[in-house]
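*Asks:* Before I ask anything, let me first share the structure, which is written out below as structure tokens.
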Amino acid sequence: MPVPRARLVGRALELGALETALAAVRSGDSRSVVVAGEAGIGKTRLLDELVSRADDVTVVTGQCADEGSGPLPYAALVGLLNGVVRTTGHEAVVAAAGPSAGALSVLAPQLVAPTPDAGADRIPEVLTDLLAGLAHERPVIVVIEDLHWSDDVTRAVALRLARTAPPGLLLLLTYRSDDVGRAHPLRVVLAELDRARLTTRLELTRLGEAEVHEMAQDLLDVGLDAEQLADLADRSEGVPFYVEELVGFLGTDLPDSLRDILLLRYWNLSQEARSLCRVVAAAGPRVWYDVLDDVLADPSTGPGRRAPHAAADAEESVREAVDAQVLVVTEVGYAFRHALVQEAVYAELLPGERHRLHAAYARALEQALVRRAHSVAKLSRIADHWWRAGMLDKALAAAVEGHRAAVAGAASSTAVTLGERAMELWDQVPDAEAVAGLPHHELLRTVAESLRGATRTTRALAVAHEAVDEWPADDPAGLAGMLSDAALIAGHAGSDEGPELIERALALVEPGRDDDVRGLLLMLRARRAMLGGRPHEAIEAATAAHDAARAAGNAEVVSVTLNLRGVSRVQLGDAGGFAEIDAGRAAAGDAWHGLSRYYVNGSDARLVVGDWTRAAEIAREGMGAARRHGSSDSTRLMIEGNLAEAQIGRGDWAEASAWYERAIPPIHDSVYSVYLSERRVWLMMWQGRVEQAQAEARRRATSWEQFGRLEEQIRSRTSVTLAELALLRDEPAEALERMAVVVAPDHPRMPAYDLQQLAVAARAITRLCAAGQDVTDAPYRTALAECAHWPTFPLWSALFEAELGTGPWAAVADLPGPGPVHLRPYALYREGARLLEAADRAGARAALGAAVVEAEKLGAGLVVRQAQGLIDRAGLVDGAAGTPASGSGTDALTARERQVLALVAEGLTNGQIAERLFISAKTVSVHVSAILRKLGVATRTEAALRGVR
């Protein structure tokens, strides 16, 4: 019985929201919308309705799939790539991907020949760039359906598209809300999208009784009586898919369970067609024609097994199932009309039937590997079928092979799933080592690395420890290597056991015999010491590592050790360290590990001395090199993060802020997320988004503290940010407590990080003294004197004295040389406050007015609010009411203020403007106040009229 097609019922508001988003995209904007709801609620139907109204738009669709025990790797991404290829052509896609085209071989080996260094971890970047290229030509709708079945790479693509969506791109994401539990990895992505206000969320609810009646009347030519309509509404429970399934069976005895409702059409098929549907259901979400033919020809599903086996019988059964719309025909095979139906039919299989069919599919897919290129998805499905067939030896071998392929293909979640399955099967398979082709401790090692790559660092560390415990005693060099892996994982997991693991490993390797491994371990020791704020120890370890690496002929380790030694010298204030960092780059040649350390650490070393220009140059060069070398996301993020820091230092705050908003990955806590989130929170605070910064800092505080115990740079930076937030809450005692570590007896003196802490400590001391507390600044002055050799000492010492009231603020505002640009408007504000207290109203007006103007240009909303607040409270306004103390007219507006003014002229509220510009409503309010003051007007309407002249 054909399934009728009803008009879209009960979704007017949701369709209207999608049409509004599409209209914005047609006008050159970008939008992202998440559509959520339970299975069968009509998510796909809603998107189909929108697409049917978008003839002038390119539509590219990908659908995630479940293979029973986890997501089918890359399922949606293959669909997206095929859509791009259909739109632009094979050659155009390869040309557009450029040097990164090899990454596409993981998705489509028929498109690009696979290579060992395909750079699969670059799939999110390459695919999003291709989709962005489409959007430059004409508007594009990108649909990714069923994200509840997504793998980690697909989620990364969805998030990257939402963050970097170019003008002309509408991203539509769907997922089953009832399948996304508290521990589901998609929840992290959704939370990040919500926090960053990157998407609009549409929640589809069940239809009401009147809407069910309307849908039923639309589906049938004949009228229904009240009893039939009531029965339909009751049994369908307002789920549109169930309404469609039930409406053709009204007047018959209908089943009570929803599962049986799904099987109504299935039970009306002939026995042969039902048997074929069960065969197809065992395949998973869909099946290729040739694979199904092989399964049907398999003796285990042939005569005596009640499955169609003759070609003619199979074709007739397929035709019957398709005509009844239980199955649908795709370009490459068959699929069920809805995933719910496939799940219900699969549940009809008897245990023995399941085992036979899964074994047949495993064999058929292995044959398909001969006919087609290998892929992570095929290998993963083979492993899954053998596992479901209960053939544990074959399941183990396939899981190990699939795990290795997933590691090479950067499919972290699949690598973890198959690796852990192999671990689970190991004790159940006789002679597992021979079956798997590797010993158990080696399997543990590679699974631990996969878990780290998936940012499941706590679990990774546990597996790494298990590998260490199992490692054979007669392989000391191998054990030392495993210990080095465990030490690296420990650092990423926030554990302080890394140094102990490194020392244990070093005891296993002898100089002159295991110099290759020894050089690597000494390098890790040097890195730990450098990050821990012990530069002298780091230099000593890096020198030893350098000598061992040279003896072993390991140029890459030589390069990194020169880098570590140079960075440690810079930390001590030795400018000769920069030459050694450059020497490390030269020694790296074209080896990316050595080069990446240069781009990350070399740019950071310039940042700590205030050389924003050179830091930005190195970081930009590194970004280009990362693209050429197929770098991991983590390394690219650190390089790009250093560029953002250089932009903050020299005043390009809007650009840096936009990068942080789109780039901070929604991953489990790691050292990378800590570095980037701290800078993001600091920038939020100084931009005036204080409440948002306070909330984000509270959310991150535990993670910051955990990683701060391991790295001095993290500890000092997070402490400064948390102390400044405490001061904004008027909690100076907490602020000073956080800064007290800088004067602790055992604290290693690190001017690059200590000077800023000392300045914040001085501010807290002054606030406490003003409140009547007796606090001495003597130990802080001693610490300050110990930093006198540092290049930026003049600026920070001037700020220290000004904060304590023992030095002029003009020394901070007017001091030339390296220093963060926000300190000048901040110093002007503080000088204005001092002059106002001294009753110098003219001087205060000039200083505060200048602070507002310079802070607005920078985007330092915190200073704008503080300085403007003083101006308003003290009545420091020249002339008639509404005339600002300095600056007027549209020429005085910043770029962001012009954006806000244009939206004010459109009649948008502050909340609507905030949503459009991805900023807070409070920040919009600050901008609007500044616009009114600069334009010398009293209302938004007057400002809008001035702005459109």
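Every read-out reported here was derived from the displayed coordinates using simple, explicitly stated rules and does not represent laboratory data. The model shown is predicted, which means the values in this text are computed figures rather than measured ones. When we count neighbours, we look across all protein chains shown, and the Cβ atoms used for this are built from the backbone with ideal geometry, even at glycine.
*Asks:* Expressed as an acute angle from 0 to 90° and rounded to the nearest 10, what is the orientation of the C-alpha long axis of helix 440-453 relative to the principal long axis of the chain?
*Replies:* 60
*Asks:* If you average the sequence gap of Cα pairs under 8 Å that are 6 or more apart and divide by the length of the stretch 266-372, what percent do you get for the contact order? Intermediate values should be presented prior to the final figure.
*Replies:* Numbers: 118 pairs, mean separation 40.2, N = 107.
Result for the stretch 266-372 is 38 percent.
*Asks:* Using unit Cβ charges (K, R positive; D, E negative) and no other charged atoms, how large, in debye to the nearest 20, is the dipole of the stretch 39-107 about its Cα centre?
*Replies:* Charge dipole of the stretch 39-107: 60 debye, to the nearest 20.
*Asks:* Determine the shape class of the stretch 12-203: with a ≥ b ≥ c the square roots of the Cα gyration tensor eigenvalues, call it rounded for a/c under 1.5, and otherwise prolate if a/b is greater than b/c, oblate otherwise.
*Replies:* Values: a/c = 1.78, a/b = 1.21, b/c = 1.47.
Oblate.
*Asks:* Pick out, from THR154, ALA778, ASN601, the residue whose Cα sits farthest towards the positive end of the charge dipole of the chain, with +1 on the Cβ of Lys and Arg and -1 on the Cβ of Asp and Glu.
*Replies:* ALA778
*Asks:* Under 8 Å for C-alpha pairs, at least 6 residues apart: give me the relative contact order for the chain, rounded to a whole percent. Intermediate results must be reported in sequence, preceding the final value.
*Replies:* Working: 1551 pairs, mean separation 68.7, N = 949.
Contact order relative to length: 7 percent.
*Asks:* What angle, in degrees between 0 and 90 and rounded to the nearest 10, separates the Cα long axis of helix 209-219 from the longest principal axis of the Cα atoms of the chain?
*Replies:* 50
*Asks:* Report, in deg cm²/dmol and to the nearest 500, the calculated mean residue ellipticity at 222 nm for the chain, where each DSSP H run with n ≥ 4 adds -39500 (n - 2.57) and the sum is divided by the residue count.
*Replies:* Estimated from H runs of four or more residues: -20000 deg cm²/dmol.
*Asks:* A further question follows. With a cut-off of 8 Å between alpha carbons and a minimum separation of six or more residues, what is the relative contact order of the stretch 8-119 in percent?
*Replies:* Values: 84 pairs, mean separation 16.0, N = 112.
Relative contact order for the stretch 8-119 comes out at 14 percent.
*Asks:* Let me confirm the definition first: pairs of Lys residues in the chain, 8 or more apart or on different chains, C-alpha distance under 21 Å. How many are there?
*Replies:* Numbers: LYS378/LYS394; LYS857/LYS922; LYS857/LYS934; LYS922/LYS934.
Value for the chain: 4.
*Asks:* Now, a different point. For a test of the definition: using alpha carbon positions, the gyration tensor, and the 1.5 limit on a/c, classify the stretch 266-372 as rounded, prolate or oblate. Present the calculation step by step, with values, prior to reporting the outcome.
*Replies:* Working: a/c = 1.35, a/b = 1.21, b/c = 1.12.
Rounded is the answer for the stretch 266-372, as its axis ratio a/c remains below 1.5.
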